[in-house]
């Protein structure tokens, strides 16, 4: 499977050494992860664990897709991507994700070369959870006069334990 990155996304990804985001690739909502090639060597046959998390803060709602590549169960490669339902592009991606039967992860190396794609079944229960989170996040957003998603995401990253 080949992927074509838009020039603006390619430029943005060059800034980050490691990153993970949800974007549209090949007409589906997909996860794009940029990691050093050395970390990806054992990914091919490794299972992927994922789940959605949400927080409703005074600053705004945050939806997080948390994933782990279990290449080394004692030390998995953890990744997370955040969705901002106040942003129409992110909202459309979240809704698209909720409707997809599979999650596709595309891995890029340091030079932004596509190294691997993995496709995992998007469990029905996870899809329903995401749909419910989208609804809750939009309802919460409608109660806020001045949401600040970046502040909400920073708070989520401070307050929600990882690993």
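Rule-based calculations on the coordinates, nothing more; no lab input. Predicted model only: the values in this text are computed from it and were never measured. Note: ideal-geometry Cβ built from the backbone for every residue, glycine included; neighbour counts use all protein chains shown.
Placing a label point 7 Å from the Cα of residue 129 along the Cα-to-Cβ direction, the residues of the range 52-76 whose backbone N falls under 15 Å of that point are 52-55, 63-68.
Over all pairs of different C-alpha atoms in the range 7-159, the reciprocal of the mean inverse distance, the Kirkwood hydrodynamic radius, equals 16.1 Å.
Length gained on full extension, residue 27 to residue 138: 37.5 nm, using 0.36 nm per residue less the C-alpha separation. Taking 33, 132, 98 in turn, the Gaussian network model of the chain (Cα-Cα springs below 10 Å) assigns the largest fluctuation to 132. Here 120, 77 are placed in order of increasing Cβ neighbour count within 10 Å, fewest first, which gives 120, 77.
Between 91, 105, 83, the GNM of the chain built on Cα springs shorter than 10 angstrom shows 91 fluctuating the most.
Computed over the chain with a Gaussian network model linking Cα atoms closer than 10 Å, the most mobile of 29, 12, 94 is 12.
To the nearest 500 deg cm²/dmol, what mean residue ellipticity at 222 nm is calculated for the chain from DSSP H runs of n ≥ 4 alone, each contributing -39,500 (n - 2.57), summed and divided by the residues?
After summing the helix terms and dividing by residue count, I get -10000 deg cm²/dmol.
Among beta bridges from DSSP that stay inside the range 7-159, the antiparallel ones total about 90%.
For the range 1-64, the Cα gyration tensor yields ellipsoid semi-axes of 24, 18, 14 Å (square root of five times each eigenvalue, largest first, whole Å).
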